[in-house]
Amino acid sequence: MSRPDGPVRRLLNPLARQRRYLVWPALVALAAGLTWGSPAGADGDSTGLPEAMDTILGDPSMEGGAASVVVAEANSGDILYQHNPTGRLMPASNTKLLTSTAATELLGTGYRFTTDVLSDGRQRGSVLDGDLYLRGTGDPTALAKDYDELAAKVAASGVKSVSGRLVADDTAFDSQRLGRSWAADDESSYYSAQISALSVAPDTDYDTGTVIVEASPGAKAGDKPKITVTPRTHYVDIDVRATTVAAGGDDSLTVERQHGTNTVTVSGTVPVGGDTTKEWVTVWEPTGYAASVFRDALAAHGVKVSGGTKLGRATPKGAVRLATHDSMPLKDLLIPFMKLSNNMHAEILTKAMGAKATGRAGSWDDGLAAIRGYLKGIGVDTGRLRQADGSGLSRMDSIPAGQIAKLLLAVRAEPWFGDWYKALPVACAPDRFVGGTLRSRMCGTPAALNARGKTGSLTGASALSGYVKDAGGRDLVYSIVQNNYLVDSVKPLEDAIVVTLAKSDADAAVAVQPRSLRSVPVSERKGDLECSWRKPAVC
């Protein structure tokens, strides 16, 4: 998902922080109502593909910007079009193409994360003498109910009391929680959660390391809003500074976590009868979050832990396993990861690759080295790119479209390609776990339900890379990376390129663009934000 920053972040704030999404139906209607198929050129005559692509990239919205674009025939690998193919640009979430393919190869489609409960003590009747260990390996899909099931298994073993402490073993990964050059002002945002081998996801979008805070208006003016937290946990404290105002008053609620704490502040006003604000907020130190949720689950099942909670200590060798939970296999995890462009999944998989490759605690350095090794093996020139994290959240990532296209061509020969290809978002497929971040794009065109691709968005950086069939049935690979533009969005240009490919054949192409892009002056264009930034309803 990367991150929206700068002007796009400011545009997003009323949506991302208040979660109203009143603008979304209008955006969907606009996307569905775009007139496609009209030529970008003056006469609309059929031309060769290079001329059509040049016409689209010549749009005034890219004046002063940079683009790296490559189109290739998938079966032969022949390059059909290239524009600045070696230009290193910020790929945003197109970085996940590198991470996901390497993870599928190096970890395997059947790879599962495990979470175990162990003890180094002896059980005497219902009393367990010693410490109880909760050991994780990075499962980004672990829910509160999974920790509850672990607690139930401990209780079913006859344990009612633990004389020692609850120890949270997150040593499968190192202690570096945030990636290189991640922005400090994103600390509480759901797409920038801390990375740990133990964490909790609040729902089945699997935004691990977050809680969902909902604030509803009180019954009358002057009341405090009603607050709920999912999952229920004492790990976060809610500081309610907000007030309910009379019906028709300002709706300005914000929900943010204070730096370095687990205090979530709800401020602003909400009118009587107003909408509920729903915000995904990251926690500080996800290992403690997992331990807290598990301790509460133990108590609910009648298991009392006498000692405190200790974080970050390794489980002793010889400890006896009392309960275990396995995640879904990687081939299934790829769906929420890639469809919803989940940053935290990418970073966890990166550290998991590092751990498997070295036998050490998983780290970004080792994981990125493992990714580079895989890329080199399939012909990607890693000397021509820089990857600083697994997700594309870092603005230090720099990858040319030519190398992305090489990757997309090479992985078609992998035995796991079908599972990975299935995880790519599909243009205009309405289901969130099919269409993903492309579910509202290219509707009513030959690219709809045809093109698959990975999106990417940062302020001044946008990318779309994937596969599409042309009008003659040829399988094409495309990679589009655009940077340094000043308009809010160049996604209409990406869509125009892919639709042009879908409408073209081996002999001719007609450059097409959305009418909205052609008819609105550059100075007045307002780009719709990438679907992955609009939690929770739209992608």
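Points worth noting:
- The one condition in (1) surrounded by fewer than 20 Cβ atoms within 10 Å (Cβ to Cβ); (2) in contact (Cβ under 8 Å) with a residue 60 or more places away in the chain that residue 400 fails to fulfil: (1)
- Considering the range 257-277, the residues that are hydroxyl-bearing (Ser, Thr, Tyr) and in a strand (DSSP E or B) include one that is nearest to residue 178 (Cα to Cα), namely 263.
- Verdict on residue 287 being surrounded by fewer than 18 Cβ atoms within 10 Å (Cβ to Cβ), out of contact with any Pro (no Cβ under 6 Å at 6 or more places or on another chain) and of a type in the set (Ser, Thr, Tyr): no
- Matching option when the condition is of a type in the set (Lys, Arg) and either surrounded by fewer than 19 Cβ atoms within 10 Å (Cβ to Cβ) or farther than 15 Å from residue 323 by Cβ (or both), among 124, 135: 124
- All helices (runs of 4 or more DSSP H) inside the range 371-462 with 3 or more residues being closer than 24 Å to residue 107 by Cβ and of a type in the set (Ser, Thr, Tyr): none
- So residue 288, is it part of a loop (DSSP other than H, G, I, E, B) and of a type in the set (Gly, Ala, Ser): no
- If the condition is being surrounded by fewer than 21 Cβ atoms within 10 Å (Cβ to Cβ) and of a type in the set (Val, Ile, Thr), then the range 356-395 contributes 358, 378, 382.
A short reminder: the numbers here are calculations on the coordinates, not readings from a lab. Keep in mind it's a predicted model, so treat the numbers as computed, not measured. FYI the Cβ positions are ideal-geometry reconstructions off the backbone, even for glycines, and counts take in every protein chain you see.
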